[in-house]
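A short worksheet on the structure shown next.
Nothing in this text is a laboratory measurement; each read-out follows from the coordinates by a stated rule. Nothing here was measured: the structure is a model prediction, and the numbers come from that model. A quick note on method: Cβ atoms are made from the backbone with ideal geometry, for glycine too, and the neighbour counts reach across all protein chains shown.
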Amino acid sequence: MARTTLGLIAVFALIAAACVAFGAYFSYVTLLNAHRSVIEARFGIAAERVADVAEQAASLGIALPAQSTLTSLLDREARVEPAIRSMDLADERGIVLFSSDPARLGIAEAQDGGRGLTRPVRNDLNEVVGHVVVRYDPQILAAGAAALGNDLKVIALPALIGAGVATIVIGLLLAALLRRAVRRAADPGAWPPAARAALAAAERVHNEVAGKSRSGKSPPGKSPSGKSARGPAESRRRA
């Protein structure tokens, strides 16, 4: 019994610890996605400013390749955030027309493996004529993930240990209470008065039934009517 109880307590403690661990993991993933969204939203503001300028120039009849002033705008917006590596303006085929990094002019964005986000550039007919691409350092996401992981460790480890210890303590208390209840149930002297009265009434009825059963049996050699039992041979001798 004790071994089974301790085994069940250990299993429930592991389940509680696993629940805390899964909760910490899901919280980490949620916070990491939120951190990435905040970072990309911040960089997206700069990309939207460049896209708005390019769309306004296109509405005045200036083709995207002819908007040479975008180079200075891209360079200025890229310097706002130290984590931005470069800002590019590519046409609908993905070829970089203007960039804050002169070495990237003329390359295809599809061949670039860097992390970045894009904002479309549309003309008056709502057709996509180009894209503003912001390439940023992935280290900023890694640093945020490391900081979130360290903070969650500080919170999750004590919670995990506390959940396991609390489960063990509660299990031991419940086991002790259950053992005490079993012992009390085996001792009629510890029963409530109503239960003892019911037990006494049941014993009286049992004793009465047992007494009637014993009194109803006939002594050896006599019939139930009190007369001696005679066999056929004795009856013939008397005749």
Relative contact order (percent) for the range 38-128, with alpha-carbon contacts under 8 angstrom and 6 or more residues of separation? 29
The range 44-111 shape via C-alpha gyration tensor axes, a/c threshold 1.5: oblate
When K212, K153 are ranked with the fewest other C-beta atoms within 10 Å first, the list becomes K212, K153
Testing the spin-label approximation: label points 7 Å from Cα along Cα→Cβ at E203 and A83. State their distance in nm. 8.1
Filter the GluC sites (Glu not before Pro) in the range 68-151 to those in DSSP coil with at most 12 other Cβ atoms within 10 Å of their Cβ, and list the result. E127
Along the range 49-61, Karplus-curve 3J(HN,Hα) (6.51, -1.76, 1.60; θ = phi - 60°) to the nearest Hz, with x for Gly and Pro, reads 5, 5, 5, 5, 5, 5, 5, 5, 5, 5, 5, 8, x
Multiplying the sequence separation of L178 and L125 by 0.36 nm and subtracting their Cα-Cα distance, what value in nm do you get? 11.3 nm
Taking only the alpha-carbon atoms of the range 4-83, what semi-axes of the equivalent ellipsoid follow from 5 times the gyration tensor eigenvalues under a square root, in whole Å, largest first? 56, 12, 7
What is the fewest-to-most order of R183, R76 by other Cβ atoms lying within 10 Å of their Cβ? R183, R76
Suppose each label sits 7 Å from its Cα in the direction of the beta carbon; what would the V154-L6 distance come out to in nanometres? 3.8
Taking every Cα atom in the range 40-168, find the radius of gyration and the maximum pairwise distance Dmax, and write them in Å. 20.7, 75
With charges only on Cβ, +1 for K and R and -1 for D and E, what is the dipole size of the range 9-107 about its Cα centre, in debye, rounded to 20? 320
Positive end of the dipole of the range 1-141, charges at C-beta (+1 Lys, Arg; -1 Asp, Glu), about the Cα centre: which of A18, N126, A90 has its Cα farthest in that direction? A18
Here, the range 106-179 modelled as identical Cα point scatterers in vacuum has Debye log10 I(q)/I(0) at q = 0.14, 0.23, 0.27 Å⁻¹ of -0.72, -1.03, -1.14
Quick one: length gained pulling R49 to S213 fully straight, 0.36 nm per residue minus the C-alpha distance? 48.4 nm
